[in-house]
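Just below is one structure, and these are the notes that go with it.
The values are calculated or read from the model by the stated rules, or taken from the named source; none is laboratory data. In this text, all values refer to a predicted model and were calculated from it rather than measured experimentally. Heads up, the Cβs are rebuilt from the backbone with ideal geometry, glycines too, and the neighbour counts pull from every protein chain shown. What goes into the accessible areas is simple: the full protein's heavy atoms, side chains included, and nothing from ligands, DNA or RNA. Shrake-Rupley method; radii C 1.70, N 1.55, O 1.52, S 1.80 Å.
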Amino acid sequence: MDDFPYAELWWRGIGKLAVIALIGAGVGAIFGYPALGALAAVLGFILLQLRQLIRLRAWLHAPKRHFLPDASGIWGEVFDLLIDLQRKNRKRKKKLALMLAEFQASTAALPDGAVVLADRGEISWFNTAAHQLLGLRAPQDLGIRIPNLIRHPSFTEFFEAGDFELETEAPSPINRNRMLSLRIIPYGNEQKLLIVRDISERRQLEAARRDFVANASHELRTPLTVLRGYLDLMEMDAQGAGPLAGWRTPVLEMRNQALRMEALINDMLKLARLEADRAHMRDELLQAPMLVMRAVEEAKAVSKGQHRFEQMVEPDLLLLGGETEFYSIIINLLTNAVRYTPAGGAIRVSWERAGEGARFAVADTGIGVAPEDIPRLTERFYRVDVGRSRASGGTGLGLSIVKHALEAFDAKLEIESEVGVGSTFICRFPQHRVQDAASVALAAAERGADPD
Ligand code: ADP
């Protein structure tokens, strides 16, 4: 129970009523009708209460047009409390309006676009940067669903998928040359905040860096080819009894280092090209089983019979994408398995359906990788054991190439490994990249029968 004085108020009210009834009865008694007098007094009292009630009702209806009368007793107290409440509310409203104005002013000053979306993605509010980046206009665009305004497929897909842990990128709807990063943060009751950031400059810097690496690698290639040509000749001479016979070891070492540089430059070029052309990979129908078998043959040549190969390849499982990219993936994983598996070990290769998509896996019984190194393997030049990688002809870029090539296929790399037991590298290709040889043949036959 709170300490509100219910009893006191009740007694005060009843007392007042009793006094009024008594006065009425007294006045009535003068005329010989005490009961009638009491009744008239109580009725009058009730009418007065009704009047106050009606005034209160009028004030509640339009507080600005009506005013609360000065009253005594409990009505006076009620009116005072109401006016107090009204004053407090006004103060709170003013404070909230000020806060909202400040919030809007600060978000308006943000360099990032912010758009508040209702439960189905309808725009309820946006800041100045959102207007500049997305071309949103008020009030025309308020209430319109955001996917109707940002029509790029990557955003539509991202919005409908509803996985807002990720972010997506799309060109600005009002300026194709500006690249935007889009993030959605769900909050409150099914509401969402869309954050838009201009990443064109970052993209340009990345492109400049990529171009530099690609150009530098390309420029280094020609002088290196000349050096290697002469080193090849010198090596032949050094092997025999010619003037360079005494230089056999240094010449051999120089030639090996030149070969290593060549491998490095080739991988750097490959990586730069993959990064630059990720979105532009040509989609061809790849005879994936045949390519896997070709890569296995190549790996066998590297192994020189030191490893046992097992393969399980589904012959009618075809893939949609670029041949260079796919071959880079499989050959890098296969040569890694050969290089990091001691002689006598086994290498198992599989290309098969998995769920709706396809799975390419290379499992070896090699040296394995410690758990803390696994997440870093796809970083450029990350090697668990630099000496071993170099000795086996590694450039430190193989798995980076694999990762980037897989991104072009919308595929994912999974690595399972145990030190001293072996490793399995699994590539998961999504359904839209996978084709069935039988249905491709059927579609071709239908097209042949119906030349439309
Ligand atoms: P590298 O040219 O050095 O092989 P990669 O990018 O292909 O470069 O691989 C990075 C590192 O990952 C390697 O140096 C090696 O330490 C590790 N690694 C890759 N494949 C395997 C494997 N099959 N077994 C054990 N370690 C591996």
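One chain, two ends: THR324 and SER154. Fully extended at 0.36 nm per residue, the span grows by 58.7 nm beyond their Cα-Cα distance. By accessible area, using a 1.4 Å probe on protein heavy atoms only, the chain has 59% of its surface on carbon and sulfur.
Close amide H contacts of HIS307 (hydrogens built in the peptide plane, cut-off under 5 Å, sequence separation of 5 or more or a different chain): GLY344. Normalising the average separation of contacting C-alpha pairs (under 8 angstrom, six or more residues apart) by the number of residues puts the relative contact order of segment 257-344 at 38 percent.
Note that segment 156-173 has calculated 3J(HN,Hα) couplings of 4, 4, 4, 5, 6, 5, x, 8, 8, 6, 8, 10, 10, 10, 7, x, 5, x Hz, one per residue in order, obtained from phi through the Karplus relation 6.51 cos²θ - 1.76 cosθ + 1.60 (θ = phi - 60°); glycine and proline are x. Contact order, relative form, for segment 252-410: 27 percent (alpha carbon pairs under 8 Å, 6 or more residues apart, mean separation divided by residue count).
Stokes-Einstein at 4 °C, 1.567 mPa s, Kirkwood radius from Cα pairs: D for segment 122-204 in µm² s⁻¹?
D, rounded to a whole number, is 99 µm²/s.
Shown in residue order for segment 282-299 are the 3J(HN,Hα) couplings computed by the Karplus curve 6.51 cos²θ - 1.76 cosθ + 1.60 at θ = phi - 60°: 6, 8, 10, 7, 8, 7, 4, x, 5, 5, 4, 5, 5, 5, 5, 4, 5, 5 Hz (x for Gly and Pro).
For segment 68-138, the Cβ-based charge dipole about the Cα centre amounts to some 140 debye (Lys, Arg positive; Asp, Glu negative; other atoms uncharged). Helical runs assigned H by DSSP (4 residues or longer) give the chain a calculated mean residue ellipticity at 222 nm of -18000 deg cm²/dmol, each run adding -39500 (n - 2.57) before division by the residue total. A dipole drawn for the chain from +1 and -1 charges on Cβ atoms has a positive end, and of ALA161, TRP351, ILE14 the residue lying farthest that way is ILE14.
Placing +1 on each Lys and Arg Cβ and -1 on each Asp and Glu Cβ, with no other charges, gives segment 247-315 a dipole about its Cα centre of roughly 380 debye. Taking amide H positions as modeled 1.01 Å from N, with prolines and chain starts lacking one, the residues under 5 Å from PHE126 and 5 or more places away or on another chain are VAL116. When the Cα positions of LEU224, PRO171, GLY366 are compared along the charge dipole of the chain, PRO171 comes out farthest toward the positive end, with charges on each C-beta of Lys, Arg, Asp and Glu. Backbone N atoms of segment 426-445 closer than 15 Å to the 7 Å Cα→Cβ label point of MET312 belong to residues 426-427. What angle do you read, to the nearest 10 degrees and between 0 and 90, between the alpha-carbon axis of helix 398-408 and the longest principal axis of the chain? Orientation of helix 398-408: about 50 degrees from the principal axis. If you plug the beta carbon distance of ASP163 and ARG202 into 1/(1 + (r/R0)^6) with R0 = 22 Å, you get a FRET efficiency near 0.40. Rounded to the nearest 0.05, the FRET efficiency derived from the C-beta distance between GLU253 and ARG376 at R0 = 30 Å is 0.45.
In terms of its alpha-carbon gyration tensor, segment 274-391 comes out oblate; a/c meets the 1.5 threshold, while b/c is at least as large as a/b. Label positions at ASP70 and ALA29, each projected 7 Å from the Cα along the C-beta direction, are separated by 3.5 nm.
Applying a threshold of 31 Å to the alpha-carbon distances of LYS304/LYS403; LYS94/LYS192; LYS64/LYS192 flags LYS64/LYS192 as lying beyond it. Couplings 3J(HN,Hα) of segment 331-346, computed from phi: 6, 5, 5, 5, 5, 4, 4, 5, 6, 9, 10, x, 3, x, x, 10 Hz, in residue order, whole Hz [Karplus 6.51 cos²θ - 1.76 cosθ + 1.60, θ = phi - 60°; x for Gly and Pro].
Once the chain from ALA443 to ILE14 is taken as fully extended at 0.36 nm per residue, the excess over their C-alpha distance is 144.9 nm.
Calculate, in nm to one decimal, what LEU48 and ASP3 gain on full extension: separation in residues at 0.36 nm each, minus their alpha carbon distance.
13.3 nm
Work out the FRET efficiency for ASP211 and LYS91 from their Cβ-Cβ distance, taking R0 = 60 Å, and round it to the nearest 0.05.
Working: r = 61 Å, r/R0 = 1.02.
Computed FRET efficiency for ASP211 and LYS91 comes out at 0.45.
Straight-line cross-link reach from LYS91 at under 18 Å between alpha-carbon atoms covers these aspartates and glutamates, not counting any fewer than eight positions away in the same chain: ASP80, GLU102.
Based on C-alpha pairs under 8 angstrom that are at least 6 apart in sequence, segment 194-278 has a relative contact order of 39 percent. Approximating the spin labels as points 7 Å out from Cα along Cα→Cβ, the MET290-to-GLU352 distance works out to 2.4 nm.
For LEU180, nonlocal amide neighbours, meaning residues 5 or more places apart or on other chains whose placed amide H falls under 5 Å from its own, are ALA170, SER172, ILE199. Between the C-alpha center of segment 13-76 and that of segment 383-446 there is a gap of 91 Å. Shape class for segment 4-48, computed from the alpha carbon gyration tensor (a ≥ b ≥ c): prolate, with a/c not under 1.5 and a/b above b/c. With only Cα atoms counted, the chain has Rg and Dmax values of 41.1, 157 Å. The charge dipole of segment 394-451, taken about its Cα centre with unit charges on the Cβ atoms of Lys, Arg (+1), Asp and Glu (-1) only, comes to about 140 debye.
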